[in-house]
Amino acid sequence: MANKNDHQLMKVTLTILVVMLVVDVSKGEFQRFQPSTKADGSITAFVIGDWGRKGEYNQSLLAHQMGITAEKKNIDFIISTGDNFYPGGLRDENDEAFYQSFSDIYTSPALNKMWYTVLGNHDYRGDAMAQLSPTLKARDNRWFCLKSFILNTDIVELFFIDTTPMQDKYFTDPEDQIYDWRGVLPRDKYLSNLLQDLDEALRESRATWKIVVGHHTIKSASIHGNTQELEQKVLPILESNKVDLYINGHDHCMQQISSSNR
């Protein structure tokens, strides 16, 4: 982002506050949505990933602090990078974990904003389609979860992508896990269309800032390390389209990795 001029930087004032703890895109291009922003066009957003712990592992304490900070910063919405419900996603649309890990935890009025959400690998171990169901939206109107989609604003576009089906090991060596691949199979076609849609959407974008959001790492110095499939399939698309930032979860730590190419 250093190559943008100072005037644009002040106008965007995109504040990324990182807290680490259904659309079938195989049938068409990403759907686009318009989030609420401030009157001057600036955006302040929380980014949270790997969080659904039924209040345990300090989730409740962190949620309380998020509420305090969200009020001070006047956030516009929250981005979730996936692994929304541990250890194995939701059982179905009626799973009480939705309340125990989400609605009953993030109760601060300042967090009463839209939660724009993608799926992580733990979410795919349950009923992945349940998280995409309008039933959950009816129960808590903050919830917004799709596999891949775009948020449009005047200055920035955020491209949310479904990264779990990109990793070979979940198909070739799932160990004792069962993944919900409904809407993903045949995998080759799903991934081909997803990557094509991402490339086309980025090429057509005229936004000052282009940000891509996914669950898995591309580069990482932590336990999971680099994700080879994303390095091979996604990174070239991001580089060729001059994407400013890729945001992910999966590795439970905060890292900021910059490229010498940008």
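So how many residues does region 218-250 have that are surrounded by fewer than 17 Cβ atoms within 10 Å (Cβ to Cβ) and either among the charged types (D, E, K, R) or assigned to a helix (DSSP H, G or I) (or both)? Adding up the residues that qualify gives 8.
Check region 186-205 and report whether any residue there is of a type outside the set (Val, Ile, Thr), in a loop (DSSP other than H, G, I, E, B) and under 22 Å from residue 116 (Cα atoms). Scanning region 186-205, I find at least one residue that is of a type outside the set (Val, Ile, Thr), in a loop (DSSP other than H, G, I, E, B) and under 22 Å from residue 116 (Cα atoms), so the answer is yes. For region 74-98, the tally of residues that are more than 16 Å from the chain's Cα centre (by Cα) and either under 14 Å from residue 63 (Cα atoms) or of a type in the set (A, V, I, L, M, F, W, C) (or both) stands at 4. Note on region 156-190: among residues that are under 20 Å from residue 200 (Cα atoms) and acidic (Asp, Glu), the one that is surrounded by the fewest Cβ atoms within 10 Å (Cβ to Cβ) is 188. Scanning for something among the acidic types (Asp, Glu), at pLDDT 95 or above, under 19 Å from the mean Cα position of the chain (by Cα) and over 21 Å from residue 86 (Cα atoms), does region 213-234 turn up at least one residue? Yes: region 213-234 contains one or more residues that are among the acidic types (Asp, Glu), at pLDDT 95 or above, under 19 Å from the mean Cα position of the chain (by Cα) and over 21 Å from residue 86 (Cα atoms). Within region 234-246, identify whether any single residue is in contact with an Asp or Glu (Cβ under 8 Å, 6 or more places away or on another chain), more than 28 Å from residue 34 (Cβ to Cβ) and not aromatic (Phe, Trp, Tyr), and answer yes or no. No, that holds for no residue. The criterion of at least 2 residues that are under 25 Å from residue 224 (Cβ atoms) and of a type in the set (Phe, Trp, Tyr) is met, among helices (runs of 4 or more DSSP H) falling completely within region 76-183, by 169-172. Sort out which residues of region 206-262 are of a type in the set (Asp, Glu) and under 18 Å from residue 196 (Cβ atoms), and write them in order of number. Passing the criteria: 229, 239.
The values are calculated or read from the model by the stated rules, or taken from the named source; none is laboratory data. All figures in this text were calculated on a predicted structure; none of them were measured in a lab. Cβ atoms come from the backbone with ideal geometry, glycine included; neighbour counts cover every protein chain shown.
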